[in-house]
Structures are given as C-alpha cells and as structure tokens.
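Working notes for the structure below.
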There are 2 protein chains.
Amino acid sequence: MNRTLTKVLPNRIPAQGALGLDITAEVVIFTIRQNELQVLLVPADHHSQRGLWMLPGGVVGWEDDLDTCASRALAAQAGVHGVYLEQLYTFGDPDRCPDRRVIAVSYYALIPIHRAHFGGPKGDRHIDWFSVANLPTLVLDHATIVELARERLVAKLDYSTIAFQFLPESFTLSELQSVYEIILGEQLDKRNFRKRVLALKCLQQTAELRRNGSHRPARLYQLCTPGKVEYIK
Amino acid sequence: MNRTLTKVLPNRIPAQGALGLDITAEVVIFTIRQNELQVLLVPADHHSQRGLWMLPGGVVGWEDDLDTCASRALAAQAGVHGVYLEQLYTFGDPDRCPDRRVIAVSYYALIPIHRAHFGGPKGDRHIDWFSVANLPTLVLDHATIVELARERLVAKLDYSTIAFQFLPESFTLSELQSVYEIILGEQLDKRNFRKRVLALKCLQQTAELRRNGSHRPARLYQLCTPGKVEYIK
DNA sequence: GCAAAAGTGTTCGAGATACACCCATGA
DNA sequence: TCATGGGTGTATCTCGAACACTTTTGC
C-alpha cells in the first residue's frame, strides 16, 4: 500500500519492510464543518485504488512511538499540532490488505472548528473533508475504522467533556450546543442543555460578548482548564 | 524477550524477527478467586528477569489474526476456550523493552469462577493467580497493562452486563452481587442490587434452588442470552 | 417595529438511595 | 431452637425531560 505520507516523509525508516510487514498508524481526523461531522481523507494513490480515499496515516518508523507517528500524520495532513488525539483500536486481520501484512493502529483526533483548514472549494486538491454521513468509498477497512471512531466519539459525549475540543478558546453556549446536536444527530432543549453544561463547573463566563447579527449578543465562555478532557458524573 | 508461550508453541513463525521487531498479544486474564479479583501470571524466564512475572501472551505469527493470537495464549495458559476476550490497548513505546522493539497489543479476558483452574497451592508451579490488589513485580510495562484492564473492567460494570461472564451458566443473585462487590471494592445494598439487576430483563429464574448450608436455599438464575454482553441504559 | 438568536424557571415523573424485618434450612 | 444467608417493600430524594416567554440587538 502506497501512502501519501510516505512521500511527505521520505526519510522515515519503516520499522518493518524486509518481510513485508508494516505497522501503520491511521488517524480519523474529525472536525465540525458545514454543520456536519466531517473527516479528513486523502486520495489513495495506488493504481488499483484510483478514485478511492483513505485515512491519513503513515508507517511506524523504527524509532517512532505510535502516538508520535499519529501526531506526525496529523501535522502533515491537517497542519495542526497539539489537538486531542486518542488511540482507538488495532486492526490486525492478516487479510485486511491484499498485498502485504499491515497491522493498523488506529487513532482519532478532534480539530477545533477554527483550525480546520485544507479542503473545501478553495482547498488543497489532494485532501478533503467529507461528511461522515456521506463518505466516499474508502480503501481496505477504513470505513470500519471511521465508524468505530464515530461511535467512540458519540459515547464519550455522554461521560466526558470531549466535545469542547471542537471549539476555540472562547465560545458561546449555542455553539457548544450545536456541536452536540451535530454529533448526536438530534436537537437538544436549550434550557436543559445550558443547565447541564453549567452544572459541570468546568466553564467560566468571560466578560466578552459576541455580536453576530441583528440580535442579542451572546456571552462567551471558556474552559476552566483548557485542553483538558474530563470525565463527568 | 523470551516468552513462555514461544516454547509452548514452537511451530509459530513470528510475523517479524529479522529486524528484531516483534508484535505480541498480551492477555490480562481475570477471574474471581478467594474473594478477590485475580490475574493469571507466568514467571518471566529471561535470565535478567528472574523472579519477575509477566502476562500470558505470545508473538503474533505471520498468519495470525491478533484476536486469534490472544485466544491461543488464553487456551495455552489458562486452558479455556470461548471466554470473554476484548482488545484493550496497543503499547508501542520504542523503549518499552530494552532488548528489542516489541509492540504489544493487549487484551483482557474474563474466566468464569468455575473454570479458573491452574495456580494455587496444588496448581502448576509455573503459572499462578495473583490478586490485582497485591501484584508481584511484573516485567516491562505489564503492571500498567493490568491496571488499564482493571479500569476498563470497572467502567464496564456500569454500562454493560460484563460481570455475568465471571459466573457459570446458572448462579444465585448473591453470587452475582459478590462479583460486583469484589470488582468495585465496596458493599452494595442487597435490595437495591436485586431490583436493579432484575430490571435489566436479561435474567430469568430457573426452577432450581441451590442448597448451600444450613439456611434457606437460593434461587438460581440464568442469562436470557448466555455469553452475550449487553450494553445497558 | 420587526426579525432573529440569546437567555431564563418551574413542574413532573422515573429511577436511585436508604433502610429493617421475616423466611427456610441444617445442625 | 438457633445460626445463617435468602428474600422482600416503602419513603425519600435527585436528576433528567418537557415546556414558553422576555431580552437585546441590527436593520
């Protein structure tokens, strides 16, 4: 399997190769864009996979930690550092790749809305964002990986503050609610949502308001401990 | 790192070897014994690790699925087939093993009380059960792996019927309660426990009673769908 | 003044918690 | 008859769900 990242980082020495076994890190990079949960995909470049898409990732180098390898893919493909990144699952079916044995350690990452560059009408032609609800055909088992990541994300909404990772440093409660609604795929009650989220005691009001059209401006909030994902309840 | 399992299964061809990279599957095998949550450990046999213990596991063979490899370790070390087995996390720090590069895909398994043989005063001298609350010194990062598995198990008690996997086909509600109490490390109220667990609608009364001493016999229950772990609430 | 999003409280029901006594048996 | 674990019901509290109107702004 030829990986875009291998080209981007030609100096990597794969941890394996001689016997045809590779260990890769594959990253499901989520963001909220166009009122959808979207993932960043790169075009497959192997001739037999023309027209298919795949997850950003790369071969784990001899000296690489798995997390480091995932971070590198994230930096190379999405151009971001320091975002939320979590290991998901390791896929090792000997037949998952027809050419060679590839064990994929999958990760998922969350990119804040304001840092989701690349893609879209004016974006880099080589990578793009896609709605998870409407994915193109992906190589190998990558669609399974995306689905597993989505399920994990949905589950974590319930018992952690992970959703806050999609937002910039300060944000309105309506923006936060919208993140939840998009990921869960359902409308939430505004009053109950605000009550619940403020009861977590991990948000603080700022003095600022956001003016955003011909209506009442919204209060901005910040996380008490930015970047930290907490378990709740 | 020399693995007991490698000896047990000398016919396995490691997926790697030439460049000194191995992929192993390591299994945290839990059971309830002696009113404790215990794990099965094997003595480390590498000379520099004399006296230390390690998790059962084995090198992933070229043709092995990861799950298959974990199952094989489970069968070889604990002598059981078909028990609950779930992938946990993949550890890939390049420095986790001083000798060579080893990427460990960890699993955890639950063995029903009545099938936990091996170990103990009369058991095989080469492997033994240990209380997770009082582990001997383990090789490498194996203590971290056990702790992660324990945390996952505790978390799953809350939102799944995973605890039922520790019990035989039919069991009393007191036995079930005891499993919860041991894993959680706290006493539970008998009436509330029974109410909650029966409200799950996944247990059925049997016609049988268990006579177990000079007191009222206990009703035996069975899972409606044995072997199936369900998510709850 | 009107359109559009921000902001705010109360009621209700379900499920969790706390709690104490009688039952069936074997010795 | 007594020691032992099995088995049961009620009152209370907490938390989530449902629900509608006023506020502030820009045009």
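Take the range B:41-60 and flag every residue that is farther than 16 Å from B:Ala143 by Cα and more than 9 Å from chain A (Cβ to nearest Cβ). Talk me through it step by step, then tell me what you get.
First, pick out the residues of the range B:41-60 that are farther than 16 Å from B:Ala143 by Cα: B:45-48, B:50, B:58-60.
Of everything in the range B:41-60, those that are farther than 16 Å from B:Ala143 by Cα and more than 9 Å from chain A (Cβ to nearest Cβ) turn out to be B:Asp45, B:His46, B:His47, B:Ser48, B:Arg50, B:Gly58, B:Val59.
Inside the range B:190-205, can you point out the residues that are in a helix (DSSP H, G or I) and of a type in the set (A, V, I, L, M)? Write out each step before concluding.
Start the filter on the range B:190-205 by keeping residues that are in a helix (DSSP H, G or I), which leaves B:190-199.
Result: B:Val197, B:Leu198, B:Ala199.
Can you find, within the range A:173-205, the residue that is farthest from DNA strand C (Cβ to nearest atom) among those that are among the small types (Gly, Ala, Ser) and out of contact with any strand residue (DSSP E or B) (no Cβ under 7 Å at 6 or more places or on another chain)?
By that ranking, first place goes to A:Gly185.
Could you tell me whether any residue of the range A:64-71 is more than 23 Å from B:Leu66 (Cα to Cα), surrounded by fewer than 24 Cβ atoms within 10 Å (Cβ to Cβ) and within 14 Å of another protein chain (Cβ to nearest Cβ)?
As a first pass, look at the range A:64-71 and keep what is more than 23 Å from B:Leu66 (Cα to Cα): A:71.
Still in the list and also surrounded by fewer than 24 Cβ atoms within 10 Å (Cβ to Cβ): A:71.
Going one step further and asking which of them are within 14 Å of another protein chain (Cβ to nearest Cβ), we end up with A:71.
The answer is yes; a qualifying residue exists.
Taking the stated definitions as given, is B:Glu147 modelled with pLDDT of 95 or more, more than 16 Å from DNA strand D (Cβ to nearest atom), surrounded by fewer than 16 Cβ atoms within 10 Å (Cβ to Cβ) and within 14 Å of chain A (Cβ to nearest Cβ)? Working first, answer last.
On the way: modelled with pLDDT of 95 or more: yes; more than 16 Å from DNA strand D (Cβ to nearest atom): yes; surrounded by fewer than 16 Cβ atoms within 10 Å (Cβ to Cβ): yes; within 14 Å of chain A (Cβ to nearest Cβ): no.
No: the conditions fail for B:Glu147.
Filter the range B:206-233 for residues that are within 14 Å of another protein chain (Cβ to nearest Cβ) and assigned to a loop (DSSP other than H, G, I, E, B); which is nearest to DNA strand D (Cβ to nearest atom)? Walk me through it before giving the result.
As a first pass, look at the range B:206-233 and keep what is within 14 Å of another protein chain (Cβ to nearest Cβ): B:231-233.
From what is left, the residues that are assigned to a loop (DSSP other than H, G, I, E, B) are B:232-233.
Numbers: B:Ile232: 15, B:Lys233: 11 Å.
That would be B:Lys233.
Output the residues belonging to the range B:161-177 that are more than 14 Å from B:Tyr221 (Cβ to Cβ) and β-branched (Val, Ile, Thr).
B:Ile162
When you scan the range B:163-177, do you find a residue that is surrounded by 19 or more Cβ atoms within 10 Å (Cβ to Cβ) and not in a helix (DSSP H, G or I), even just one?
Yes; the residues of the range B:163-177 include at least one that is surrounded by 19 or more Cβ atoms within 10 Å (Cβ to Cβ) and not in a helix (DSSP H, G or I).
Any chance you could count how many residues in the range B:84-105 are more than 9 Å from chain A (Cβ to nearest Cβ) and either touching a Gly at 6+ places or on another chain (Cβ under 9 Å) or under 22 Å from A:Pro94 (Cα atoms) (or both)?
Qualifying residue count for the region: 8.
Quick one: would you say B:Leu153 is closer than 24 Å to B:Gly61 by Cα and more than 14 Å from chain A (Cβ to nearest Cβ)?
Numbers: closer than 24 Å to B:Gly61 by Cα: no; more than 14 Å from chain A (Cβ to nearest Cβ): yes.
In short, no.
Taking only pairs six or more apart or across chains, which ones have beta-carbon atoms under 6 Å, a first residue in the range B:65-83 that is more than 18 Å from B:His126 (Cα to Cα) and outside any helix (DSSP H, G or I), and a second residue that is at pLDDT below 95 and small (Gly, Ala, Ser)?
B:His81/B:Ala75
Cβ contacts < 9 Å: first residue in contact (Cβ under 8 Å) with a residue 40 or more places away in the chain, restricted to the range A:173-190; second residue near DNA strand C (Cβ under 9 Å from one of its atoms) and among the acidic types (Asp, Glu), any location; separation 6+ or different chain. Result?
So the pair list comes out empty.
Would you pick out the residues in the range A:182-199 that are among the charged types (D, E, K, R) and either loosely packed, with under 15 Cβ neighbours inside 10 Å or assigned by TED's automatic domain parsing to the domain that holds A:Ile32 (or both)? Quick ask: steps written out before the conclusion?
Pass one, the range A:182-199, residues among the charged types (D, E, K, R): A:186, A:189-191, A:194-196.
Within the range A:182-199, A:Glu186, A:Asp189, A:Lys190, A:Arg191, A:Lys195, A:Arg196 qualify.
Conditions (1) more than 30 Å from A:Asp95 (Cβ to Cβ); (2) among the hydrophobic types (A, V, I, L, M, F, W, C), marked per residue:
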residue: A:Val132; (1), (2): no, yes
residue: A:Pro136; (1), (2): no, no
residue: A:Thr161; (1), (2): yes, no
residue: A:Glu169; (1), (2): yes, no
residue: A:Leu173; (1), (2): yes, yes
residue: A:Leu188; (1), (2): yes, yes
residue: A:Phe193; (1), (2): yes, yes
residue: A:Gln205; (1), (2): yes, no
residue: A:Arg216; (1), (2): yes, no
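From the residues in the range A:178-199 that are in contact with an Asp or Glu (Cβ under 7 Å, 6 or more places away or on another chain) and within 12 Å of DNA strand D (Cβ to nearest atom), which one is nearest to A:Tyr221 (Cα to Cα)?
Pass one, the range A:178-199, residues in contact with an Asp or Glu (Cβ under 7 Å, 6 or more places away or on another chain): A:182, A:187-188.
Those still in the list that are within 12 Å of DNA strand D (Cβ to nearest atom) too: A:187-188.
Details: A:Gln187: 21, A:Leu188: 19 Å.
Filtering the range A:178-199 for residues that are in contact with an Asp or Glu (Cβ under 7 Å, 6 or more places away or on another chain) and within 12 Å of DNA strand D (Cβ to nearest atom), the one nearest to A:Tyr221 (Cα to Cα) comes out as A:Leu188.
For the list (1) closer than 30 Å to B:Arg50 by Cα; (2) part of a loop (DSSP other than H, G, I, E, B), I need the number of the one condition that B:Trp129 fails.
Status for B:Trp129: all satisfied but (2).
Can you find, within the range A:213-233, the residue that is modelled with the lowest pLDDT among those that are near DNA strand C (Cβ under 8 Å from one of its atoms) and exposed (fewer than 12 other Cβ atoms within 10 Å of the Cβ)?
A:Gly213
Report yes if A:Ile162 is within 14 Å of chain B (Cβ to nearest Cβ), under 30 Å from B:Lys156 (Cβ atoms) and more than 8 Å from DNA strand C (Cβ to nearest atom), otherwise no.
Working: within 14 Å of chain B (Cβ to nearest Cβ): no; under 30 Å from B:Lys156 (Cβ atoms): yes; more than 8 Å from DNA strand C (Cβ to nearest atom): yes.
No: the conditions fail for A:Ile162.
Quick one: is B:Glu208 within 14 Å of DNA strand C (Cβ to nearest atom), charged (D, E, K, R) and more than 19 Å from B:Leu74 (Cβ to Cβ)?
Values: within 14 Å of DNA strand C (Cβ to nearest atom): yes; charged (D, E, K, R): yes; more than 19 Å from B:Leu74 (Cβ to Cβ): yes.
Criteria met by B:Glu208.
Quick one: B:Cys202 ticks every box in (1) of a type outside the set (Lys, Arg); (2) within 26 Å of B:Glu36 (Cβ to Cβ); (3) surrounded by 14 or more Cβ atoms within 10 Å (Cβ to Cβ) bar one, so which box is it?
Going through (1) of a type outside the set (Lys, Arg); (2) within 26 Å of B:Glu36 (Cβ to Cβ); (3) surrounded by 14 or more Cβ atoms within 10 Å (Cβ to Cβ) one by one, B:Cys202 breaks only (2).
The values are calculated or read from the model by the stated rules, or taken from the named source; none is laboratory data. Not measured: the values here are computed from a predicted model. We place every Cβ from the backbone using ideal geometry, glycine too, and count neighbours over all the protein chains shown.
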